[in-house]
1. Examine region 422-444 for a residue that is surrounded by fewer than 20 Cβ atoms within 10 Å (Cβ to Cβ) and of a type outside the set (Gly, Ala, Ser), and state whether such a residue exists.
2. Sort through 276, 286, 280, 290 and tell me the only one that's small (Gly, Ala, Ser), touching a strand residue (DSSP E or B) at 6+ places or on another chain (Cβ under 9 Å), under 25 Å from residue 223 (Cβ atoms) and open to solvent by less than 10 Å² (accessible area, probe 1.4 Å).
3. Consider region 230-263. How many of its residues are open to solvent by less than 30 Å² (accessible area, probe 1.4 Å), β-branched (Val, Ile, Thr) and over 19 Å from residue 210 (Cα atoms)?
4. Would you be able to tell me the number of residues in region 460-494 that are assigned to a helix (DSSP H, G or I) and closer than 30 Å to residue 445 by Cβ?
5. Which strands (runs of 3 or more DSSP E) does region 57-136 wholly contain that include 1 or more residues that are over 28 Å from residue 268 (Cα atoms) and of a type in the set (Val, Ile, Thr)?
6. If only one of 710, 732, 715, 752 is under 17 Å from residue 315 (Cβ atoms), of a type in the set (A, V, I, L, M) and in a loop (DSSP other than H, G, I, E, B), which one is it?
7. Across region 612-632, which residue is surrounded by the most Cβ atoms within 10 Å (Cβ to Cβ) among those that are within 18 Å of the chain's Cα centre (by Cα) and aromatic (Phe, Trp, Tyr)?
8. Look through 812, 805 and report the one residue that is out of contact with any Phe, Trp or Tyr (no Cβ under 7 Å at 6 or more places or on another chain), in contact (Cβ under 8 Å) with a residue 60 or more places away in the chain, open to solvent by 30 Å² or more (accessible area, probe 1.4 Å) and of a type in the set (Asp, Glu).
Amino acid sequence: MATDWVMRAGAERSKGRPQRSAYASQVAMRAAAVVFAAMVAAVTCAGQAPIAWQHGRDAFALQQDGLVMRAHAEAGKPFTVAGERGVLLGEQDGTLEAWLLPIKLLSHLSIEAEVQGYSVPIDVNSMAREIEVFPDHTTITYSHIAFTVKQTMFAPDASAPGTGAVVLFSIDSVRPMDLTFRFTPEMRPMWPAHGSGTPSVEWVTRGTTGFYLLHTDDPAFVGAVTIPGAASGILAPYQERPQVHPVELKLHFDPQADHGRVFPLLMAVGRSAATASTAALERSLADLNAALPQLYTQHVAHYAALQQELTSIATPDQALNEDLRWAEISVEQLKAREEQSGQVAMVAGYYESGDSARPGFGWFFGRDSLYTLYALHSSGDFTLARQELEFLLARQRDDGKIMHEYSQTATEIAWRSMPYMYAAADATPLFLTALLDYVKASGDKAFVQQHADAVRRAWQFETTHDSDGDGVYDNAQGTGWVESWPGGMPHQEIYLALLDQQASTAMAELAGVLGDEALARQAAARSQTLSDVLEQEYFEQANNRYAFSHNPDGTRDSTVTVYPAIAWWNGGPGLKHATHSLELWASHRFATDWGVRDVAVDDPVYDPISYHQGSVWPLFTGWAALAEYRGGQPLAGYAALRANADLTGQQDLGAVTELLSGDFNVPFGRSTSHQLWSSAMVTVPLLRGLFGVDVDALHSRITVNPHLPATWDDAQVNQLHVGPARCGLQYARHSAASPAEMVVKLTCAEGAKVVLASGQPGARSSTDGTTLYLPLPAVEAAVELPHPLPGDRTHAVKVLQQAAEAQGLTLELEGPAGSTTTVSLRLNQPKLTLHATGGTLDAANTTTRTRLLRVTFPAGEGYTTQQVRVTW
């Protein structure tokens, strides 16, 4: 096969700025020429026909209907396009880095345009106007008076190994124009694997076009990049003085000749002698180009099927309906295929890597995925849940401990010799609770029985690692929650101790699935013992709250934290002295308008920009939301849920970020913008808290304890999975009934017969178990929840406590001193004569069952409290 003359250029790194190409040394040049000649000879001997490259390719239709988020593009705001094999991470001005997992192929992609007869070079990225995020693709639109360019990105799971991410450019212009695409070659394996030197670039000419090869010091590790129809940029002769030149693809666009064509940025990487040859990489690029319409069609079909299969809701709040959809999609997009085993599992999240090889937390984490399993179970994605559990079990330590983190390049290094794989202690109890949750949601008892030995080893590890003799699993086996702490690391955190207690409860039920009655009794007894020990060791009667940690000498760290909220995560009664804690987490001391801090704002260790001592995590917000709902404080639960849901459109559109400032509504600069468990913390409190759904496929039962906002008349949960059964729930307030009640109706399209149950006092059920009648209080309340703007401080009203009685409703409210708010009251009984203290009622209106109550907070500094009592 004939090959044109090529030139190579090395790439020197310049930290913190776009990287540029430079010349390789004469020795490297000669050595590379020998390797290249051998590759050419091998291809020629093989007798393969040359590939006919065209100028661009025929356009194909993109999905434009259905779920979408649109916004004006903002420089500095991130986007993520992720799939099992590839990831594109960038900013809304369109600059990006491309990963063909686990390799960072290139970075700093940018575009410059020159329009014929318009003698000004145009920075196209500065012309970014709009961003559209669909489940299957993201499009950024650049617009100038002379042209519009659309940059569409998707990451198809079905792409061949060594590929996995595609960028399509569609162009419209009034005159012919030349586009220059610049990028920095990277060829860097994901942290912590070692790279193979600074890449050098080689242009392989094919007629009027060609492609770049990105060479490393390893001839079996080579990347390839092209835009069909593009030419190379500067390729200075070897004799020229060494200097820095950009790596460029130059594309000419003629609006007459090229109308209706798209120009894909094709990328591939070879990681073996067979896949890294010039011919093999050219074939990978060509095959990817030919397969694009089919790959995209499959990609669209996958996300369409996903939305049909997973749980959805229909409520008066359309934004909340869509937030659940995005939460489910966000989790789906964080699947990755581990290269050596081929196993699919979830990574913790993605964000731009900058000058590093760490794309956020783009590798596999135990506890991150285990918390997210609860969302998968609620949504009905049992396939991915099972894949994740299999992934963790395959990496369980011999003594039973569950892994903490596993890099996408772990198999390329001595990963187990590094301090990361089993660094955390909480993954082991979380594995037991999440496994039970999986079995109850899916009904898959066979999975537990198949892995009985692994389950027993995890239990054995947890119950035999108590370093101080109190019987409670402690931090001697790794971190509980915090990874740093003022004054030194804790001995035993309440967070870890509570997980131990809940894991014991879970093991009692898992033992039942295994048919081991003796173990079931032992685990249940241990759970009760731990509950008593925890109250003794952590509850501070003088402060009426729970300590952060406990020491072997009996002393405590009394820092006021959100971590005790995990007590409600797996259901059950929660903490015995919970009233004050629930009030604290709902107050401005913890609750911002964008989520819940982990440390109280007035605690001595509070620092709003620290990682563990005052920042806002959507994860903690999800814990707190579920605790408030299950602890009988639904107004506080709804405020926390809404805070998480509102983050879906704030930064990385369609995803929820990792953490934010404790004082301002701003994500951390290094916050992983597309974070796995953050999106999960929309799904879990929404379905299990607000809708009060608890699925038990082992007994073909759905327990429902709903907390719908007072402003909703009705709502639906669709495609609720109860093992193989797919069911729907319809919620409707029947205020005309006497007494007023909420009616919940169950319909199931397939699977075994399922019945409804409820733990609410006074609940009644139809004889066939498909309808519940839940008493409604005579009066329900709703408070204003404004959407915070970026940079805002907390200023929304907080509901510290709510208490309903037969003829009264009491609200303990908190708001900015001197401010006024309006509480909406829903009257579920006719002819009620209301009286209020602590606020002013509007005039009664016989045509509506809503009354408004104006509440003014006392003067003072910061937040002040006002108790409101409504009687009838």
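The values are calculated or read from the model by the stated rules, or taken from the named source; none is laboratory data. Since we're looking at a predicted model, the values are computed, not measured. All Cβ positions, even for glycine, are placed from backbone atoms using ideal geometry, and neighbour counts span all protein chains on display. Ligands, DNA and RNA are excluded from the accessible area calculation, which covers all protein heavy atoms including side chains. Shrake-Rupley method; radii C 1.70, N 1.55, O 1.52, S 1.80 Å.
1. No, every residue in region 422-444 fails to be surrounded by fewer than 20 Cβ atoms within 10 Å (Cβ to Cβ) and of a type outside the set (Gly, Ala, Ser).
2. Numbers: 286 fails: open to solvent by less than 10 Å² (accessible area, probe 1.4 Å); 280 fails: open to solvent by less than 10 Å² (accessible area, probe 1.4 Å); 290 fails: open to solvent by less than 10 Å² (accessible area, probe 1.4 Å).
Answer to the check: 276.
3. The total comes to 0.
4. Our first condition is that a residue be assigned to a helix (DSSP H, G or I); within region 460-494, this holds for 460-463, 475-477, 494.
Those still in the list that are closer than 30 Å to residue 445 by Cβ too: 460-463, 477.
Going through region 460-494 one residue at a time, the tally reaches 5.
5. Numbers: elements: 69-72, 78-82, 86-91, 96-100, 103-115, 118-123, 128-133.
The strands (runs of 3 or more DSSP E) meeting that bar are 103-115, 118-123.
6. On the way: 732 fails: in a loop (DSSP other than H, G, I, E, B); 715 fails: in a loop (DSSP other than H, G, I, E, B); 752 fails: under 17 Å from residue 315 (Cβ atoms).
Residue meeting the stated conditions: 710.
7. Result: 623.
8. On the way: 805 fails: in contact (Cβ under 8 Å) with a residue 60 or more places away in the chain.
The match here is 812.
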